[in-house]
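Every number in this text was worked out from the coordinates using simple rules, so none of it is lab data. Small disclaimer: the values here were computed from a predicted structure and weren't measured. Every residue, glycine among them, receives a Cβ derived from its backbone with ideal geometry; neighbour counts consider all protein chains shown.
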Amino acid sequence: MDPNGAPMYILKEGTERETGPAARSTSIQAARAIANAVKTTLGPRGMDKMLVGDSGDAVITNDGRTILDELEVEHPAARMLIEVARAQDESVGDGTSTSVVLAGELLGRAESLLEEGVHATVIAEGYRKAADKATDILQGIGKDLNGRGRTDHLRHLAETSLASKAVSSARKGLSTLVVEAIEAIAHDQGGRTIVDLDDIQVQKAPGADILETELVDGIVLDKERLDARMPTAVDTARIALIDAAFEARKTEVESHIEITDPEQMEAFLAEEEKNLRTLVRHVEESGANVLFTSKGIDDMAQHFLAKSGILAVRRVPKATMERLAKATHGTIVSSVRDLSGADLGAAGRIEERRYAETTFTVVTECKDPKAVSLVLRGGSDQVVDELDRALHDAMSVVATAVEDGLMVPGGGASAEEIAVRLREWAPSVGGREQMAVEAFADAIEEIPRALAENAGLDEIDIVMALRKAHHDKGKSAYGVNVLTGKVEDMFRAHVVEPYAVGKQVLDSATEAAVMILRIDDVITAKPSEGGGGAGGMPPGMGGGGMPGMMPGAGPF
Ligand code: ADP
Ligand code: MG
């Protein structure tokens, strides 16, 4: 109230506000609900989710990020978990479900501690310390994957990632393709190995079994040759890569020409024709028998190219042009006049191939290609889409491992080792933070528990056996192999993951849990006229901003 007795509004009328323990509690509940939905998908025996959109189209997947992307989640705290999945996916490409599940478990245990009177800040601090320690523990049990058996290790990493996908029955063959693809594009940069997944061209071609999925030592374009008179195949291809149009009319100088009589018209057309002939002659003289351009080729140029026996493809996307350059060791030239023999790429063969309904141009037999292609096959669009997601994860895993060089045991082994070692370490932290460290240990032990439970195994027996192996016998690589039901050495069972994925799980799950824990105020703006709620976003949250829910909230 102001001195005159009139009410004073600080927040816009209609704004909803929740503060203190209530705000935190609803945030935690919302986030946990999301985490629990993901938990049943975890691991090779996890369930799939069928997501049906507004228009009735269905996606069947157990890919954590895809599930979360498809859900139209309203609560801002729950949306933060979706951000965790996204961050995880973007940085290392796998471990999305695990990070969301861990964040949910951390929040669940935080709630109990809050009820016991431990302050949110203390829990947050304890969690951070535990995560740092956990990262050290994880690194400590890592194995160098370079040296002897490197290719096998990489294949096992890919297989472990693929094991939890709908396409897992094809994982042996697929993992071989994945490793070959990554090894082909890995390159040295300032003494470090770098893998850029953009160097892999992925084409989807439903209409055959998954096992027909193919790695091509070059580039597969979903485009056909420009003219039926051009050759359908070229051996010993010499390839011009041009970032310029083959169009006479678009000369840079004369942008406007006035033609007053037919003779002038004829002269103009003759000039045009001459220009195009010159362009095509340049291409020919460079020694090229194949031409890819990112721009257009007009009818007359097309005619001349066909007459010269040059296979030409136009409007090739920029990214594909770059991959073509890397695969064939050619140079993209921005003016035809500058083209010389030294710029040409090389490929043993270029041919058109039909995959089910689509004709692709396949640039193959490239020497030491630094860009390669995968042609994904599957019985239906849905299968190919799920294969695409699965291979994305597997390729990211192998790429991360190649860059990082360290692998850790999967099947909950790393998680159990962290749990056991954190419990031993907790007393040295002392005070109330110790309780948070112990809660962290309990939370991460939910990973092997969920893997076992999802596989229909007795999770209590499994966790007890794991604790015994890790605590009493120092078997740091023992996990639960859900394919055999056994508690065994995961390195020996070839269930392995990149260290970097595990580290990222610890980082992103802890950060999200801490952020949600620190919320003590949720202020939801009144929907603005007409524009509210688009895409399932809560009012006032368009554009991904999160007003009113930052830790210690806002200017009010
Ligand atoms: P995320 O999205 O976190 O990668 P997934 O559903 O892909 O979740 O499951 C990954 C988990 O499955 C990892 O903890 C991995 O170690 C585990 N896993 C893979 N293969 C096996 C196996 N044979 N036995 C037990 N766990 C396995
Ligand atoms: Mg996975």
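Give me the Kirkwood hydrodynamic radius of the range 347-427 in Å, from all C-alpha pairs, to one decimal place? Before the final figure, lay out the partial values.
Numbers: mean 1/r = 0.0586 Å⁻¹.
Evaluated over the range 347-427, this radius sits at 17.1 Å.
State the Kirkwood hydrodynamic radius of the range 278-339 in Å, one decimal place, computed from all pairs of distinct Cα atoms. Please list the in-between numbers first.
On the way: mean 1/r = 0.0833 Å⁻¹.
Roughly 12.0 Å, rounded to one decimal.
Enumerate the whole-percent occupancy of each 5 Å bin, from 0 to the last occupied one, for all C-alpha pair distances of the range 54-142.
The distribution over the range 54-142 is 3, 12, 16, 19, 19, 14, 9, 4, 3, 1, given as percents.
For Asp368, Asp196, which order do you get if you count the other beta carbons within 10 Å of each Cβ and list the fewest first?
Details: Asp368 8, Asp196 14.
By the 10 Å Cβ count, ascending: Asp368, Asp196.
Take every Cα pair under 8 Å in the chain that's 6+ residues apart, average their separations, divide by the length, and report that relative contact order as a whole percent.
Numbers: 1092 pairs, mean separation 139.1, N = 556.
Worked out over the chain, it gives 25 percent.
Jot down the per residue volume, in cubic angstrom and as a whole number, of the convex hull over the alpha-carbon atoms of the range 316-360.
Working: hull volume 4.5 nm³, N = 45.
Given the Cα convex hull of the range 316-360, per-residue volume reads 100 Å³.
Please enumerate, by chain and number, the lysines with C-alpha under 26 Å from the C-alpha of Lys468, excluding those fewer than 8 residues away in the same chain.
Answer for Lys468, where 26 Å is the Cα cut-off: Lys39, Lys129, Lys133, Lys143, Lys486, Lys503, listed by chain and number.
When the Kirkwood hydrodynamic radius is evaluated over all pairs of different C-alpha atoms of the chain, what value in angstrom, to one decimal, is obtained?
26.9 Å
Using per-residue counts of other Cβ atoms within 10 Å, averaged over each peptide, order 88-95, 441-448, 280-287 from highest down.
In decreasing order of mean packing, 88-95, 441-448, 280-287 become 441-448, 88-95, 280-287.
Taking the Cβ of each residue in Phe268, Phe292, Phe246 as the centre, tally the other Cβ atoms inside 10 Å and list the residues starting with the fewest. It would help to have the intermediate numbers written out before the result.
Values: Phe268 15, Phe292 30, Phe246 26.
Placing the least packed residue first, the sequence is Phe268, Phe246, Phe292.
Just the C-alpha atoms of the range 324-466: what Rg/Rh do they give, with Rh taken as the Kirkwood radius? Intermediate results must be reported in sequence, preceding the final value.
Values: Rg = 25.8 Å, Rh = 20.8 Å.
We get a ratio of 1.24 for the range 324-466.
Which of the three applies to the range 169-240, rounded, prolate or oblate, going by the alpha-carbon gyration tensor with a ≥ b ≥ c and a/c under 1.5 meaning rounded?
Values: a/c = 2.73, a/b = 1.28, b/c = 2.14.
Oblate shape, in that a/c is at least 1.5 and b/c is the bigger or equal ratio.
Report, to two decimal places, the Cα Rg of the range 211-335 normalised by 2.2 N^0.38 Å (N = number of residues).
Details: Rg = 16.6 Å, N = 125, 2.2 N^0.38 = 13.8 Å.
In units of the 2.2 N^0.38 Å rule of thumb, it is 1.20.
Read phi for every residue in the range 467-484 and hand back ³J(HN,Hα) as whole Hz from Karplus 6.51 cos²θ - 1.76 cosθ + 1.60, θ = phi - 60°, with x for Gly and Pro.
Coupling constants for the range 467-484: 4, 4, 4, 6, 7, 7, 10, x, 8, 6, 9, 6, x, 9, 8, 6, 7, 10 Hz.
Can you sort Leu162, Leu211 from fewest to most other Cβ atoms within 10 Å of each residue's own Cβ? Can you show the working numbers first?
Details: Leu162 25, Leu211 13.
Result, fewest neighbours first: Leu211, Leu162.
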